Every structure is written in C-alpha cells, then in structure tokens.
Amino acid sequence: MDNTKYIALSRQMALWKQMDIVSNNMANMNTSGYKQDGAIFTSYLTQTPQAQGFGKVPVYFTMDYGQYHDFSEGAIVETGNVFDLAVRGDNFFAVETPQGEMYTKKGNFTLNADGQLVTSEGYAVMSENNEPFFFAPGERDITISESGDVLTENGPIGRIKAVKFADNQKLEKIGDTLFANIDGNDMIVGAPDVQIVQGALEKSNVDSISEMTRMIKLQRSYEIVQSMIDEEHERLSNTITAYSQLA
C-alpha cells in the first residue's frame, strides 16, 4: 500500500474515534451528572525512502493522542426528591463499588431495602467516616445541608463525603458517570467550597446542538477521505492496466 492510502487511513481512524466519542456524548445527553468527552489528535512525521532529495518531503500521519473530559458544570434542575443531590463546582460524591471507592456527579440516590443510601446502580454513598448511610424505618424528616450534613428527626447521622482533586484530567472515567483516582493525584475531603443542593440534580453538560454539528462535520470529513482513497485506488488500477497493455 502506498503512502497516500496510509495517510488517508490514519485520518479515517482518527475520525472514527471522534465519531465514537461524539455518539456517546449524544447518547448521554439526558444522563444526570454525565461529563462529555473530547478527543485529542496530533500529526507525526515519518521519514521514508521516497522523502530523500530535493523537493521531497516527509510523510505526516494522524495520531490518536488521547482523550479529555469536560468537567464544566451542567444545569442544576430542581426535582423535589429528598434523596436527589447535586454537588456544585469541582466536587464529587464518593461511592463504594466492587472495584473500590469511586467518584461521581450523578446524584439521583435512593434507599434500598435495608434503608441504605445508594446510587441507581446500588453502590453505597459514603460518609466522611467512610461508612454508608442507613435510615431507620419511619424516618421522614430528612435534611441534607449545603456542607453535606445529613439529619433526621432523630438527629444527625453523618456528613456526605464530597471530594475534589488536584487535577481532574487525571481521573479515569469508568463507564459513563463514575471516575477513579490515580496515585499521586491529591484528593481533598470536605473542601471549603463544598455546596450540595438537596432536591436537585446536575444535568449532563452535553450541548446537543454543538454535538450534532460536530457529528455532521465528522461524517462529511470521513466521506471526503473515503472519496480520496477511492480515487487513488482507481488511479493505481488505471496505471496498472496501462502498463499491462504496454507490456
């Protein structure tokens, strides 16, 4: 395969990766606490035997450099549900999963059959004492303050573990709404700027119009590259045919 096709295919692979990311963003437009993703690409230069001599240039390929998360805040929408919580800014809720403690902005919590406060996936919401929350049968007057203190008519039962990190881009996204921290990325528990809103949810920060526009542009770019590949294939086929007729 010649360099033209290699270059075109590297670009197609990059566009396909971008389309996957945009598609996932659009699929999660209505997922509470979802943070949209973006792709980072660059070009790299490679020296080939054909790049020697006057007028010859090296070949540039498109490279999948990485992925980033957009942690801008989504709209805070009131729901009136006692266990719906939104945490503003760079703070996250801590939840216990089978893979260890993870972090989320998705705050549509509920009580399970044991009276334990859990996520929609069944993961325990953690307190600053690294203990789950349990509510006694019949407790109805439940208040959660901006700082995360949980109180009932029988008194306080703990403070929700809200955390923030030195660098959010170092968080590893697990699924659509969970994040895992890595060693060396400092975590603060109960930062002074914690602000929890009871009876509300943070919506996805995906801009549907922008993502749809991106999808259309990506599809058009992909089609252009495919057209170039087809034309190059036809050119090579015609060249081979012409040489065979001369032979």
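Quick note: the coordinates plus some simple rules give every number you see, no bench work behind them. Remember, it's a predicted structure, so these values are computed and weren't measured experimentally. Don't worry about glycine lacking a Cβ; one is built from the backbone with ideal geometry, like all the others, and counts go over all protein chains shown.
Of note:
- Anchor Lys35: aspartates and glutamates whose Cα lies under 17 Å away (excluding residues fewer than 8 positions away in-chain): Asp20, Asp70, Glu73, Asp90, Asp167, Glu172, Asp176, Glu202, Asp207, Glu211
- In terms of its Cα atoms, the stretch 71-193 spans 42, 29, 24 Å along the principal axes, sorted from long to short.
- The calculated FRET efficiency for the pair Ala191 and Ser221, based on their C-beta separation and a Förster distance of 41 Å, comes to about 0.45.
- Over 26 Å (Cα to Cα) - which of Lys106/Lys170; Lys106/Lys164; Lys105/Lys217; Lys17/Lys161 fall in this group: Lys105/Lys217; Lys17/Lys161
- Within the stretch 86-190, the trypsin sites (Lys or Arg not before Pro) that combine a DSSP coil assignment with at most 12 other C-beta atoms in a 10 angstrom radius are Arg140.
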